[in-house]
Each structure stands twice: as structure tokens, then as C-alpha cells.
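Asks: There's a structure below that I have some questions on.
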Amino acid sequence: MPSDFYFTVVDGSGKWIQYHGYNIDVVYKRVNTTGGTATANVTLRVAVPGGTPLTDTIYVAGTMNFWDPGPGEFGSDGKHHDQPMHNIGQNRWELTLPATVGDTLKYKYARGTWAKGEKGAQGQDIPNRVFLVPKTDAVQLDTVKNWADNPASVADNDGPPAEYQLHQNYPNPFNPSTTIEYTLPRKSNVTLTVYNTLGQLVVQLWSGEQEAGLHEVRFEGGGLTSGVYFYRIQAGDFVQTRKSILMK
């Protein structure tokens, strides 16, 4: 193993931890310490309003790129530092970037220019998003409520979801990992499990109480063979199953 890397175990339980109010999947993390400065990979994952034009690319702008929101404008240093995100489906975008451990990232999302930057649900200005870079790789989950060029639309309800729902995993097919999301209208005892086509339990991804809202978990299939896997949620009296495909 190279001397400029070390491994950190966040939590041996394999369950999730809370970081800034969001669920982070606990895994073994590799942290780069080349040159004596520790860095960690931060994945920004954002859900955008359903009416967002499919032709628009989502950008993240902030202290990491001199607040350059996209190709239509310059950063605060007068240069371009575009940070386009990757479309991962279901109105969700993602970008992974290295950051110095202990730094505070301040950022916002935009569709190319600040004229199409993010706003609150009623079209109001919102403060900068803030993320403190931890000692391990991490995922930050965000939701854009509205865009500046669409102030009359309420893109999302600020309250809890109206019903239980298990969403289709993405990507699907996947290799080697995929994301499973589900919504809870109220605090619930949740069990999330994965089965093979023989009905045999493959893994229990979550078991415990969770607050109302949107939750996500990563299903790692690196040690599994290609094929169909069914993931099942039980939350109180609610039960739903969906199909995923691991394709190596």
C-alpha cells in the first residue's frame, strides 16, 4: 500500500451516520495525505425540480471554483472554472471533487448562469449552502426548490412527503453499486432488504427508526454475480418491492 494513503473506519456497524442532517452510507474510506495535506472526496448530489429543461446542464459554483456558475459567466477571478455536474437520472445530478479536510465549502447550484441560479420554493433568495469537509469521503444530498428564471413556480413542498414510496434504483442496470431512495411521510421503523431470484436474503441495508423525508442507501454489488436482485422496504404496514439488475 502506498505510504501516502491511509484507511479510516467510520463505524464498524455498517449502518449510516448523520452528517449535517443527511444520511451518509458508512464504508471504509481512503484518504489521500500526499504532501502532508489531507484531502477527501466530496460528492455533491442534488435533486432538481421536475420541470427543469432536459437540455440544461446543472453546475455547482462556490469557493471551490471562484463562484463560476457555468460557461456563460466568469468566476470572481475573471477566469472560467466551470464545474458541470453529471446527470444520473430521475432529475438528479452529481459531482465528486477533492477537498481539503477541515475546509468549509460554500456553494450554490445554477443552470449555466446566475440568471438561472437556485432560489427558494417561493422564488426568494437563499443563503449559501455550507459543507464542512470531514476526514473521510462523504456524500452531501441537496434539493433545489426553484430557479431564478421561474419564480412563480413552487417546485417542491417544504413539508414531509404525502405517502410512503420506494423509488427505482439508479443507475439500473448497475455495476458495481447503485442508489436506492425512499420517502417516509412520518417517523417509521424501516427495514430495507435485498433478495436474489431464489428468494434468499442477500443483504439487509437498513433496519431501524428514521424520520420523515427522503432517504437513500447504496447497494454494493461488487461481491455478487450478475443477475436480478429484488429490494424490499417495510415501514410500518407499508411494503413495496422493486427489481434491480446487476450487469458486470
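The values are calculated or read from the model by the stated rules, or taken from the named source; none is laboratory data. Everything quoted here is computed from the prediction, not taken from an experiment. Don't worry about glycine lacking a Cβ; one is built from the backbone with ideal geometry, like all the others, and counts go over all protein chains shown.
Asks: Taking the stretch 50-62 on its own, how many of its residues are under 16 Å from GLU118 (Cβ atoms) and in a loop (DSSP other than H, G, I, E, B)?
Replies: Matching residues across the stretch 50-62 total 7.
Asks: Name, by its number, the condition in (1) at pLDDT 95 or above; (2) within 21 Å of ASN169 (Cα to Cα) that does not hold for TYR59.
Replies: Of everything listed in (1) at pLDDT 95 or above; (2) within 21 Å of ASN169 (Cα to Cα), TYR59 misses just condition (2).
Asks: If you don't mind, another one. What about ASP149, is it under 27 Å from ASP56 (Cβ atoms) and surrounded by fewer than 17 Cβ atoms within 10 Å (Cβ to Cβ)?
Replies: So ASP149 fits the description; yes.
Asks: A further question on this structure: Quick check on the stretch 172-185. Is at least one of its residues out of contact with any Lys or Arg (no Cβ under 7 Å at 6 or more places or on another chain), at positive phi and not acidic (Asp, Glu)?
Replies: no
Asks: Which of the residues spanning the stretch 177-191 are farther than 26 Å from VAL144 by Cα and surrounded by 13 or more Cβ atoms within 10 Å (Cβ to Cβ)?
Replies: VAL190, THR191 - these are the residues of the stretch 177-191 that are farther than 26 Å from VAL144 by Cα and surrounded by 13 or more Cβ atoms within 10 Å (Cβ to Cβ).
Asks: Does GLY208 qualify as being of a type in the set (Gly, Ala, Ser), surrounded by fewer than 15 Cβ atoms within 10 Å (Cβ to Cβ) and in contact with a Lys or Arg (Cβ under 8 Å, 6 or more places away or on another chain)?
Replies: Here the answer is yes, as GLY208 does meet what is asked.
Asks: Among the candidates VAL239, VAL194, VAL144, VAL139, which residue alone is surrounded by fewer than 17 Cβ atoms within 10 Å (Cβ to Cβ) and either assigned by TED's automatic domain parsing to the domain that holds LEU44 or of a type in the set (A, V, I, L, M, F, W, C) (or both)?
Replies: Every option except VAL239 fails the conditions.
Asks: Looking at GLY208, GLY213, GLY223, GLY199, which is the one that is out of contact with any strand residue (DSSP E or B) (no Cβ under 6 Å at 6 or more places or on another chain) and under 30 Å from PRO53 (Cβ atoms)?
Replies: GLY213
Asks: Filter the stretch 75-109 for residues that are under 12 Å from VAL42 (Cα atoms) and assigned to a strand (DSSP E or B) and give the result.
Replies: Hits for the stretch 75-109 are GLU94, LEU95, THR96, LEU97, PRO98, ALA99, THR100, THR104, LEU105.
Table: residues versus (1) under 24 Å from LEU132 (Cβ atoms); (2) not hydrophobic (A, V, I, L, M, F, W, C).
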position	(1), (2)
LEU97	yes, no
THR100	yes, yes
LYS106	yes, yes
TRP114	no, no
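Asks: Within the stretch 179-186, is even one residue more than 21 Å from VAL139 (Cα to Cα) and assigned to a strand (DSSP E or B)?
Replies: No: the stretch 179-186 contains no residue that is more than 21 Å from VAL139 (Cα to Cα) and assigned to a strand (DSSP E or B).
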